[in-house]
Amino acid sequence: MLIRPERPDDVDAIDRLTIAAFEPQWFSDGSEAPIVRSLRASGDLTLSLVAEDEGDVIGHVAFSPVTIDGSHDGWFGLGPISVRLDRQRRGVGRALVAEGLRRLRDREARGCALIGDPNIYGRMGFTANGLLSHRGLDRVVVQHFTFSGPSPSGELRFAPAFDAAGR
Ligand SMILES: CC(C)(COP(=O)(O)OP(=O)(O)OC[C@H]1O[C@@H](n2cnc3c(N)ncnc32)[C@H](O)[C@@H]1OP(=O)(O)O)[C@@H](O)C(=O)NCCC(=O)NCCS
């Protein structure tokens with residue numbers, strides 16, 4: 001398996017993968033594939049990595065700028081992230097996240113935040129500190145990974161592509 005940045009000819013495969021991975025999820029409103037497209041179109045797709053195996057795209061993760069209490073300050077958001085249904089629970093998501101975090105650190109990012117299941121992202125090094133909030137959600141799902149500086153505190157906002165898609 002190879003983790004690499006997306007190429008223009010991956011776009012349709014990423015779209016299909018994202019739709020298929022989120023379709024069975026109870027929390028999905030179907031906005032994830034449009035969010036990825038919108039991030040790309042608006043120039044907010046800071047980092048888009050695919051997991052490729054034998055020529056097939058089996059995983060994808062997007063990273064985009066976020067603000068905390070209105071200030072970007074070197075923080076990025078992780079998501080959407082998708083792994084092909086038949087390849088889940090075998091370390092593909094973990095590999096995508098690890099490579100993404102490595103590349104963000106190389107850009108001297110200060111940290112990465114996400115909304116997600118602590119059972120999954122806690123195992124990848126993310127934590128919730130109770131100080132980072134997002135639209136009134138339970139703060140245990142508002143998680144972060146700090147690279148440098150203090151632990152984040154305040155209201156987390158994702159790129160406009162997430163609002164346009166209904167988030
Ligand atoms: C969430 C997702 C990206 C994780 O990718 P993955 O390749 O299946 O995950 P990994 O195999 O790398 O697992 C990483 C860790 O998370 C845990 N984990 C993964 N899926 C889990 C689940 N559904 N419930 C509980 N723990 C889970 C694994 O046990 C693993 O920890 P461990 O290695 O310490 O055992 C993938 O399952 C997916 O595409 N899901 C559908 C779309 C989705 O829900 N996206 C995320 C929305 S927040």
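The values are calculated or read from the model by the stated rules, or taken from the named source; none is laboratory data. Predicted model, so just to flag it, every value in this text is computed and none were measured. Note that each Cβ is placed from the backbone with ideal geometry, even for glycine, and that neighbours are counted across all protein chains shown. Please note that ligands, DNA and RNA were not included when accessible areas were found on the heavy atoms of the full protein model with its side chains. Shrake-Rupley method; radii C 1.70, N 1.55, O 1.52, S 1.80 Å.
Checking the conditions here, which among R110, R103 is surrounded by 14 or more Cβ atoms within 10 Å (Cβ to Cβ), away from the ligand (no atom under 16 Å from the Cβ), within 19 Å of R40 (Cα to Cα) and of a type in the set (D, E, K, R)?
It is R103.
Please work out if S64 is in contact with a strand residue (DSSP E or B) (Cβ under 9 Å, 6 or more places away or on another chain), assigned to a strand (DSSP E or B), open to solvent by less than 10 Å² (accessible area, probe 1.4 Å) and more than 12 Å from the ligand (Cβ to nearest atom).
Yes.
Could you run through the range 1-17 and say how many residues are over 14 Å from I81 (Cβ atoms), touching a strand residue (DSSP E or B) at 6+ places or on another chain (Cβ under 7 Å), without any contact (Cβ under 8 Å) to a residue 60 or more places away in the chain and not in a helix (DSSP H, G or I)?
Residues meeting the conditions: 3.
Criterion first (more than 13 Å from the ligand (Cβ to nearest atom), assigned to a loop (DSSP other than H, G, I, E, B), of a type in the set (A, V, I, L, M) and surrounded by 14 or more Cβ atoms within 10 Å (Cβ to Cβ)) does L39 satisfy it?
Answer is no for this residue.
Just a yes or no: is a residue in the range 73-95 at pLDDT below 95, over 12 Å from the mean Cα position of the chain (by Cα) and either within 16 Å of the ligand (Cβ to nearest atom) or part of a loop (DSSP other than H, G, I, E, B) (or both)?
Yes: one or more hits.
So which pairs qualify, if the first residue must be in the range 34-46 and farther than 14 Å from E6 by Cβ, the second must be aromatic (F, W, Y), the Cβ gap must be under 6 Å, and the two must be at least 6 apart or on different chains?
I35/F162
Report whether or not A20 is part of a helix (DSSP H, G or I), within 12 Å of the ligand (Cβ to nearest atom), in contact with a Phe, Trp or Tyr (Cβ under 9 Å, 6 or more places away or on another chain) and modelled with pLDDT of 95 or more.
no
Give the number of residues within the range 121-140 that are hydrophobic (A, V, I, L, M, F, W, C) and loosely packed, with under 15 Cβ neighbours inside 10 Å.
Residues in the range 121-140 being hydrophobic (A, V, I, L, M, F, W, C) and loosely packed, with under 15 Cβ neighbours inside 10 Å: 3 in total.
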